[in-house]
Amino acid sequence: MAKIRHNNMIDTVDEIFTLARQKGSLHLYADDEKMDGRTLSLKGQRALHFGTCGYLGLENHPDIKQGAIEAIERYGTQFPMSKTYVSNPLYHELETLVEEMYNAPVVISKNCTLSHLATIPTLIRQNHLVILDHQVHSSVQEAVKKLLSQGVTVEMIRHSNLNMLEDRIRKQRGRFEKIWYMADGVYSMYGDFAPIKEMISLAEKYDELYLYVDDAHGMSWAGKHGGGYVMSQMDGLYEKMILTATMGKAFGACGGLTVFPNKEWARKVKTFGGPLTFSVQMEPPVLGAAVTSARIHLSDEIYKYQAELQEKIAWCNALIKQTDVPMITENISPIFYVGTGTIDFGNRLISRLIEDGIYVNLAPFPGVPAKNTGARITISRHNKLQDIEEMVDKLSTHFDATLQEVKQTRSRIWEAFKILPPKKEETTPKTNNPTEGSGLTMDVHHSIKGVNPRLWDQYLGYRGMFDHNGMHFLERSFSGNDTRESNWEFRYYVIRDKQGAVVLMTFSVIALYKEDMFAEVSISKNMEEKRKDDPYYFTSKSIIMGSLFTEGDHLFIDRQNSAWQDAVKLLLEELYKEQKVHNVKNIILRDFDANDAELNEFLLGQSFVRVDMPESCVFKDLNWHTEEDFEEVLSKKSRRHYRQKVKKFTPMYDVGIKACLDEAELHKAIRLFQNVKDNNFAINSFNFPDKVFLTMNEDPHWEFLMLYLNLDGRPPHLVAVGFCHINTDNVYSPMLIGMDYDYVFEYGVYRQALFQMIKRANELGCAKVNFGISASVEKQRIGSKLYPKVAYFQARDNYEAEMMSATIALERA
């Protein structure tokens, strides 16, 4: 059983955010002594502020500030008790005013996140289905996660794809009493809108459909009484909708609110809505500010502020249209999004702008897909028209400069967002091509036959079973088979500098793989149950560095060559082309040293997400003459293990080495391998076709290590087979093993097989034994060294990534 370090999303986000913090894009501290909303002081430098969510600038409204001051003077700094017992006097006034704004029952909470946590688990039952828009705010998704342990079914659809939503409703109606579609009114990164009217039409068509909408970024700057964008699309709250919003953005105060279509739902949530019961209540100064802001919202003053903001939004739209900056959406919201594609580009652009006196937000993963990183620009009433003009001018200048610096192309950015470039888009300058200036050239081959054997083995093949001969074996084995998962397309990449020296060499396959390949065993077991009815459930076509058969360092890079990063970028550009041509879902770069900080930072910058893999196991202490010599190379702990768990069983075994098996022997060997495959879900892959074993049996670079157990004078019984490859550099690679599980545990079959493989490699004078990435505990006990490995993953779009993580989360629950 493989001991796998399953990746934690928190670790992935931590790496990305830490990199951005180091580059000066995230986790900054303002050092203003006084704030006016128009500018920020960062590291002592004044910058125009285009990163606020206070779109109407009400946080500096003199009446709202005075309301907070008066509330402190009347009620102190806090009212430290649960609202279940007693509420601060200002709560009743605030609830009354907000209910007048929406003309519907309202429950107030300390923030919008707590509103979701109070409402969603309180009203949604086991016989309800929840369907999430894949870009719905993280706070909604976190609240929904609480439902999983209660047995609630949760699904996800592509962003604002109502055809997909209707398809799910048709398939699921009748199974559930209610189907909840959860979405944002205004999406926080791109600033695009939910199709509210169309959603209501769908809810009218299907009785089961109910809507849950978070309008945190739409409140105040739109709608009657500043009720928000969603309310602006309706004549009063729709009877099958729950609406949430925040008073902590354009409203100018703090707190969350939930608007209900009926008093009974509001009563239930207010009576015992999770954190509403157990959390402290909003502080008096916040309540005082919110009450004053609510009065402003109920006056004509709010419409004056809305009109002023729309004037500035229109001015920003007009100016950006005159540039070549890739603006992802154009609308009337105060949120603008400039695509950069990679995290590296995003970090560099933000840093340049800050240095030049403009502050905008970096938008990294997981707020957006990793390869849809960008700069989020927000417009507020604080911004003057000349400020916006200065921001757009500097944005255009620094975008072009950064584009040249990272050797990116505008067309590549549009492609990453799946948007056709504007007609005015100019031809991409040659200087944006990674091959220009660096003098790099790339050869791409579809068969190992096109690559010089000596060159391949010199740079890459010597490392494992993927030498030139080994690649011939793989090409023969994984072609012409009956099932699609058993037919791979091979690609070989050789990149040279202008002197002709090899800078990069690698290979990949385009193949179908199981997306739970490295998931927890329990998850893969559940997946396999579902695959009994749908063999291709939760599988995808992917580009995989190396292959699904090989293990080891599949990428050669000359890190001493100054163009190595350009070489990797050139490789990635080729992979993106293949991804588009072959409609590939994921790109997976695998088997990298987990401690390679330089490469890790570079690949994170190219918007790849790091994923932990099992450790690679290698035995290097060969060149001994006796078994006593073997014991001497082991550590004290491994020596004890060998003597107690391996050596005492050795006299019971006969070992045979065969270059070729007869038909009956091969059939038995395959059956023993299938035993192992059926019992090991730690690395969950498709079954290999019989052609792999037939080709192996004909290949002189493979041998079969046969382990026979002798018991009580009975004929020797075959209990294990090692399928072992010897490459041109004398690296011994036991790639597969088959075992008879009736004997494995009582007679230490697996441990004995490991020892006999080491012994055989030593007899052959091999340099090392590549034991691969499974059963690392047992391999370490016999003296192997463990090398932590990671892979880098990039999904075609965020929906694909979210679906993978969401499906695994559901299986885990």
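The values are calculated or read from the model by the stated rules, or taken from the named source; none is laboratory data. Predicted model only: the values in this text are computed from it and were never measured. Methodologically, a virtual Cβ is constructed for each residue, glycine included, from the backbone with ideal geometry; neighbour enumeration extends over all protein chains shown. These accessible areas exclude ligands, DNA and RNA; they are computed on the full protein's heavy atoms, side chains included. Shrake-Rupley method; radii C 1.70, N 1.55, O 1.52, S 1.80 Å.
Structure values in brief
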{"read-out": "Under 18 Å from the ARG170 label point (7 Å along Cα→beta-carbon), backbone N, the range 193-226", "value": "199, 201-209"}
{"read-out": "Cα-based helix-to-principal-axis angle, 385-406 vs the chain, degrees rounded to 10", "value": "10 degrees"}
{"read-out": "Rounded FRET efficiency, nearest 0.05, which uses the C-beta distance separating LYS580 from GLU93 and R0 of 56 Å", "value": "0.45"}
{"read-out": "Size of electric dipole in the chain: Cβ of Lys, Arg +1 and of Asp, Glu -1, about Cα centre, debye, nearest 20", "value": "900 debye"}
{"read-out": "Contour excess over end-to-end distance, with Cα ends at GLU311 and GLU489 and 0.36 nm allotted per residue", "value": "58.6 nm"}
{"read-out": "Taking the C-alpha atoms of the range 47-99, convex hull volume expressed per residue in Å³", "value": "150 Å³"}
{"read-out": "FRET efficiency estimate (nearest 0.05) - Cβ-Cβ, MET234 to HIS446, R0 41 angstrom", "value": "0.15"}
{"read-out": "Cα gyration tensor shape of the range 45-154, rounded if a/c is under 1.5, else prolate or oblate by comparing a/b with b/c", "value": "oblate"}
{"read-out": "Angstrom value of the Kirkwood radius, inverse mean 1/r, which spans all Cα pairs in the chain", "value": "30.0 Å"}
{"read-out": "Rounded if a/c under 1.5, otherwise prolate or oblate - the range 259-356, Cα gyration tensor axes", "value": "prolate"}
{"read-out": "Potential lengthening between ASN127 and LYS658 on full extension [0.36 nm per residue; Cα-Cα distance subtracted]", "value": "185.2 nm"}
{"read-out": "Antiparallel DSSP beta bridges within the chain, percent to nearest 5", "value": "75 percent"}
{"read-out": "Label point 7 Å beyond Cα of THR728 along Cβ direction - residues of the range 749-772 with amide nitrogen under 14 Å", "value": "none"}
{"read-out": "Paired Rg and Dmax values of the range 563-674, which use every Cα atom, in angstrom", "value": "23.0, 57"}
{"read-out": "For the range 706-751 versus the range 628-705, the gap between their alpha-carbon centres in whole angstrom", "value": "4 Å"}
{"read-out": "Gained length - ASN161 relative to LYS637, 0.36 nm times residue gap less alpha-carbon distance", "value": "165.5 nm"}
{"read-out": "Nitroxide proxy distance, nm - points 7 Å out along Cα→Cβ at THR84 and THR650", "value": "6.7 nm"}
{"read-out": "Accessible surface, 1.4 Å probe, highest first, among residues LEU97, LEU147", "value": "LEU97, LEU147"}
{"read-out": "Cα gyration tensor shape for the range 161-284, rounded if a/c is under 1.5, else prolate or oblate", "value": "oblate"}
{"read-out": "By average C-beta atoms within 10 angstrom, highest first, the peptides 201-211, 770-780, 291-301", "value": "770-780, 291-301, 201-211"}
{"read-out": "Mean ellipticity per residue at 222 nm, deg cm²/dmol - from DSSP H runs of n ≥ 4 across the chain, formula -39500 (n - 2.57)", "value": "-11500 deg cm²/dmol"}
{"read-out": "Degrees, to the nearest 10: 138-148 long Cα axis against longest axis of the chain", "value": "60 degrees"}
{"read-out": "Label-point gap, in nm, between HIS667 and GLU529 - each point 7 angstrom along Cα→Cβ", "value": "3.5 nm"}
{"read-out": "Ordering of 511-520, 664-673 by packing [mean C-beta count within 10 Å, highest first]", "value": "511-520, 664-673"}
{"read-out": "Antiparallel bridge percentage (DSSP; both residues within the range 70-205; nearest 5)", "value": "10 percent"}
{"read-out": "Spin-label model distance (nm) - TYR303 vs GLN45, 7 Å beyond Cα toward Cβ", "value": "4.4 nm"}
{"read-out": "Positive-pole candidate from GLY470, LEU672, HIS725, dipole of the chain, charges at beta carbon", "value": "LEU672"}
{"read-out": "LEU661 accessible area, assembled protein chains, probe 1.4 Å, Å²", "value": "10 Å²"}
{"read-out": "Which of HIS445, HIS27, HIS641 is most accessible, then next, and so on - probe 1.4 Å", "value": "HIS27, HIS445, HIS641"}
